[in-house]
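Written out below as structure tokens is the structure these notes cover.
The values are calculated or read from the model by the stated rules, or taken from the named source; none is laboratory data. Just so it is clear, the structure is predicted and the values come from calculations on it, not from any experiment. Positions of Cβ are generated from backbone atoms using ideal geometry, with glycine treated the same way; all protein chains shown enter the neighbour counts.
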There are 2 protein chains.
Amino acid sequence: MAATASLQTAPVPEGAPITVCEVGPRDGFQIEAAFIPTAKKIEIINALFASGIRAMQVTSFVSPRAVPQLADAEAVLAGIDRPEGALITALIPNLKGAERAAGCGVDAVHTVVSASETHNLKNVNRSIDASLKDFEAVFTLLDNSGIAVEGGIATAFGCPFEGIVPPEQVARIAKRYQDLGATSVGLGDTTGMATPATVRAAVRAIRAEAPGLGIGLHFHNTRGVGLACVMTGLAEGVTHYDASVGGLGGCPFAAGATGNICTEDLIYLLNESGYDTGVDLDRLVGAARLTQATLGRELPGQVLKSGPRLRRYDPGLTATAAG
Amino acid sequence: MAATASLQTAPVPEGAPITVCEVGPRDGFQIEAAFIPTAKKIEIINALFASGIRAMQVTSFVSPRAVPQLADAEAVLAGIDRPEGALITALIPNLKGAERAAGCGVDAVHTVVSASETHNLKNVNRSIDASLKDFEAVFTLLDNSGIAVEGGIATAFGCPFEGIVPPEQVARIAKRYQDLGATSVGLGDTTGMATPATVRAAVRAIRAEAPGLGIGLHFHNTRGVGLACVMTGLAEGVTHYDASVGGLGGCPFAAGATGNICTEDLIYLLNESGYDTGVDLDRLVGAARLTQATLGRELPGQVLKSGPRLRRYDPGLTATAAG
């Protein structure tokens, strides 16, 4: 999101460009148990880009032992189309990941630290400060490389272990990222705890603590309010949102609940609201159908099931009940 | 919604009361194929009221031949608890329905006409003007009875046959309702075509055409944007929303898509945003579980699956992947 994340503080005006960063190939695929063949991953990624998606977190350079599903990160990045102007990013956990990513010609890397000490400890077995200290080497490596570093902050709206995460804590980490050289941070709603109030508070706290730092928002729809949180983000001037094709992904603490907000539903919302996403909804739904067919199960996306808003029906059909 | 529907034009301030009208027992139950025993309906309705729900569309006085599921309307209304201050409404299609409803001591009746000629013709086999003309007898019957008439407008945000429904057409019908004596109208998103832009346009058109008329909003989540539309309603000062326990209900034109916006998810959104709904989320989720058990299938509600926001987990559990 480095190139695109929002700096505005007024509501995003109608017609303004919005960047929707597709994260399904990373955040969604990583929790799939069965290995998705590399060629299939590439086919889905290319279909997503062909719909007009302008930014994508294509893969993750984590240990292949930790996440075997993404062990083909290099092969995926070597095989995909790279549309003119598209921003290609990858998640990296550490310096080794950054070196691998840099070798693949990504436009940006995405680091992650949790805003909750307990979650960070569980996730990467170190303190928040230790994680941020480790990232210094990543920023040094990529300084003047043309590869941006997006500072990811997980559990930014709440932690499944600690509960409330103070916005000041999120802002403190954002400021550290800015000092390290990040041009943007991405606030991750790791377990689906974001609400309009927590989104507003976090965005405002960062703007106060780290003026000029771009902000991207990454919501899960675990409790059904993901797109309501996007409405708050838009009201706060944020122009960068992560989403996942078909609503792929999930929260391990909410069995049966949906995962990331769904890219098609988000694009539908934004396009119908007059924003410029650059994405053709019909082609995007086609990419979601391809994803669904590849994974062999129904995905939670709603537009995927219901089709575009102005799909017309023959009045000869049985009408709906009133209401 | 007569007693509660919004008259404000500024955004609803934090802390303000919001009326969530539960419509599951009418809009949800009516499409269930298997008859739900009257005692079970009463148990669910009472559980919903016990959670703090302040308004409910309890049943419908349509022909028992047309909707056998709601043939027990009188028995349901005779059997339920009626908490102090709760608004009890019923849908009525015509004068006969109004007479039956009045005999059951409802607080308000809800009429329905479609904003689309084609849809109204399909639904009730008459023109919009003929429907409104028919309602004159309903208003006459209930004049000075203490029973309010809420003017329902179906397909207010789009029609599956005609496509776009002009906001001026919605406002024209709203004005006719106001002239007949309605104190509020309810805008129905019958097949899930509402978007923030269409909601804003319809609300503003009604305020311009029929000043002083209350407005309630009834969204379906067919395309995933139901709660985003609520955010727009709140920004436009609307304080009355319909929703359905567990997300019951559905749109016959979108197989597999969700139905009405889900009451628990809406209450979660509103409570977390600092509005006064009067509803205890835990008790409401209990009522949704009862509904789910009664119907014997999983309902689309998300909070029902994921639990409250601040549910805490033992860090000894396996943590989530980053992001």
(request) Kindly list the number of the only condition in (1) modelled with pLDDT under 95; (2) touching a helix residue (DSSP H, G or I) at 6+ places or on another chain (Cβ under 8 Å); (3) more than 7 Å from every other protein chain (Cβ to nearest Cβ) that fails for residue B:183. (result) (2)
(request) Can you work out which of the residues in segment B:65-81 that are part of a loop (DSSP other than H, G, I, E, B) and either touching a strand residue (DSSP E or B) at 6+ places or on another chain (Cβ under 6 Å) or surrounded by fewer than 15 Cβ atoms within 10 Å (Cβ to Cβ) (or both) is farthest from the other protein chains (Cβ to nearest Cβ)? (result) B:81
(request) Of the numbered conditions (1) part of a helix (DSSP H, G or I); (2) polar (S, T, N, Q); (3) within 14 Å of chain A (Cβ to nearest Cβ), residue B:190 fails exactly one; give the number of that condition. (result) (1)
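Listed here are the residues, each with its yes/no results for (1) in contact with a helix residue (DSSP H, G or I) (Cβ under 6 Å, 6 or more places away or on another chain); (2) small (Gly, Ala, Ser); (3) farther than 20 Å from residue B:167 by Cα.
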site: B:92; (1), (2), (3): yes, no, yes
site: B:98; (1), (2), (3): yes, yes, yes
site: B:101; (1), (2), (3): no, yes, yes
site: B:111; (1), (2), (3): yes, no, no
site: B:123; (1), (2), (3): no, no, yes
site: B:126; (1), (2), (3): no, no, yes
site: B:129; (1), (2), (3): no, no, no
site: B:140; (1), (2), (3): no, no, yes
site: B:146; (1), (2), (3): no, yes, yes
(request) Hey, can you tell me all the residues within segment B:249-270 that are at pLDDT below 95 and of a type in the set (A, V, I, L, M, F, W, C)? (result) B:251, B:253, B:254, B:255, B:257
(message) What's the number of the only condition in (1) touching a strand residue (DSSP E or B) at 6+ places or on another chain (Cβ under 8 Å); (2) among the hydrophobic types (A, V, I, L, M, F, W, C); (3) closer than 30 Å to residue A:271 by Cα that residue B:142 fails to meet?
(response) (3)
(request) Pairs only if they're at least six apart or on different chains, beta carbon under 6 angstrom, first in segment B:10-26 and in contact (Cβ under 8 Å) with a residue 12 or more places away in the chain, second among the basic types (Lys, Arg); list them, first residue then second. (result) B:19/B:54
(request) Being surrounded by fewer than 17 Cβ atoms within 10 Å (Cβ to Cβ) and under 11 Å from residue A:148 (Cα atoms) is the filter here, so list the residues in segment A:90-105 that pass it. (result) none
(request) Output the residue which, of all residues in segment A:19-31 that are more than 19 Å from residue A:277 (Cβ to Cβ) and in contact with a helix residue (DSSP H, G or I) (Cβ under 6 Å, 6 or more places away or on another chain), is nearest to the other protein chains (Cβ to nearest Cβ). (result) A:30
(message) Checking residue A:246 against (1) modelled with pLDDT of 95 or more; (2) at the interface with chain B (Cβ under 9 Å from one of its Cβ atoms): exactly one of these is not met. Which one?
(response) (2)
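Residues of segment A:1-41 being polar (S, T, N, Q) and at pLDDT 95 or above, which ones?
Here is the first cut: in segment A:1-41, the residues polar (S, T, N, Q) are A:4, A:6, A:8-9, A:19, A:30, A:38.
Across segment A:1-41, the qualifying residues are A:19, A:38.
Consider residue A:273 carefully, then state whether it is touching a Cys at 6+ places or on another chain (Cβ under 7 Å), buried (at least 18 other Cβ atoms within 10 Å of the Cβ) and in contact (Cβ under 8 Å) with a residue 40 or more places away in the chain. Steps first, answer last, please.
Working: touching a Cys at 6+ places or on another chain (Cβ under 7 Å): no; buried (at least 18 other Cβ atoms within 10 Å of the Cβ): yes; in contact (Cβ under 8 Å) with a residue 40 or more places away in the chain: yes.
Spelling it out, it is not the case that residue A:273 is touching a Cys at 6+ places or on another chain (Cβ under 7 Å), buried (at least 18 other Cβ atoms within 10 Å of the Cβ) and in contact (Cβ under 8 Å) with a residue 40 or more places away in the chain.
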(request) Kindly indicate the residue of segment B:193-230 that is assigned to a loop (DSSP other than H, G, I, E, B) and of a type in the set (Gly, Ala, Ser) and also farthest from residue B:10 (Cα to Cα) among those meeting that condition. (result) B:224
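Return the only residue of B:215, B:206 being away from chain A (no Cβ under 12 Å) and either of a type in the set (Lys, Arg) or under 13 Å from the mean Cα position of the chain (by Cα) (or both). Spell out the reasoning first.
Numbers: B:206 fails: either of a type in the set (Lys, Arg) or under 13 Å from the mean Cα position of the chain (by Cα) (or both).
So the residue among B:215, B:206 that is away from chain A (no Cβ under 12 Å) and either of a type in the set (Lys, Arg) or under 13 Å from the mean Cα position of the chain (by Cα) (or both) is B:215.
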(request) Kindly indicate which of A:194, A:174 is under 15 Å from the mean Cα position of the chain (by Cα) and in contact (Cβ under 8 Å) with a residue 12 or more places away in the chain. (result) A:194
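Could you tell me whether segment B:133-154 includes any residue that is among the hydroxyl-bearing types (Ser, Thr, Tyr) and either surrounded by fewer than 24 Cβ atoms within 10 Å (Cβ to Cβ) or over 17 Å from the mean Cα position of the chain (by Cα) (or both)? Steps first, please.
Let us first name the residues in segment B:133-154 that are among the hydroxyl-bearing types (Ser, Thr, Tyr), namely B:140, B:145.
From what is left, the residues that are either surrounded by fewer than 24 Cβ atoms within 10 Å (Cβ to Cβ) or over 17 Å from the mean Cα position of the chain (by Cα) (or both) are B:140, B:145.
Within segment B:133-154 (the criterion being among the hydroxyl-bearing types (Ser, Thr, Tyr) and either surrounded by fewer than 24 Cβ atoms within 10 Å (Cβ to Cβ) or over 17 Å from the mean Cα position of the chain (by Cα) (or both)), the answer is yes, since at least one residue qualifies.
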(message) Step by step: first the residues of segment A:302-312, then only those that are in contact (Cβ under 8 Å) with a residue 40 or more places away in the chain and at the interface with another protein chain (Cβ under 7 Å from one of its Cβ atoms), then the one that is farthest from residue A:225 (Cα to Cα). Which residue is that?
(response) A:309
(request) Filter segment B:108-137 down to residues that are part of a helix (DSSP H, G or I), of a type in the set (A, V, I, L, M) and more than 10 Å from chain A (Cβ to nearest Cβ), then give me how many there are. (result) 4
(message) Looking at segment A:154-165, can you tell me whether even one residue there is more than 8 Å from chain B (Cβ to nearest Cβ), in a loop (DSSP other than H, G, I, E, B) and closer than 22 Å to residue A:60 by Cα?
(response) yes
(message) Every residue in segment B:256-272 that is under 21 Å from residue B:189 (Cβ atoms) and at the interface with chain A (Cβ under 7 Å from one of its Cβ atoms), please.
(response) B:256, B:257, B:258, B:262, B:265, B:268, B:269
(request) Select from segment A:277-309 the residues that are surrounded by fewer than 13 Cβ atoms within 10 Å (Cβ to Cβ) and either modelled with pLDDT of 95 or more or not basic (Lys, Arg) (or both) and list them in ascending order. (result) A:282, A:293, A:296, A:298
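Return the residues of segment B:221-245 that are touching a Cys at 6+ places or on another chain (Cβ under 6 Å) and under 12 Å from residue B:23 (Cβ atoms); say none if nothing qualifies.
Within segment B:221-245, the subset touching a Cys at 6+ places or on another chain (Cβ under 6 Å) is B:222, B:242.
B:242 - this is the single residue of segment B:221-245 that is touching a Cys at 6+ places or on another chain (Cβ under 6 Å) and under 12 Å from residue B:23 (Cβ atoms).
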(request) Just one of (1) within 24 Å of residue B:237 (Cα to Cα); (2) in contact (Cβ under 8 Å) with a residue 40 or more places away in the chain; (3) assigned to a loop (DSSP other than H, G, I, E, B) trips up residue B:36, so point out which. (result) (1)
(request) Give just the number: which of (1) more than 13 Å from every other protein chain (Cβ to nearest Cβ); (2) out of contact with any Pro (no Cβ under 6 Å at 6 or more places or on another chain); (3) more than 24 Å from residue A:220 (Cβ to Cβ) does residue B:276 not satisfy? (result) (2)
(message) Given (1) away from chain B (no Cβ under 14 Å); (2) over 15 Å from the mean Cα position of the chain (by Cα), identify the lone condition not met by residue A:231.
(response) (1)
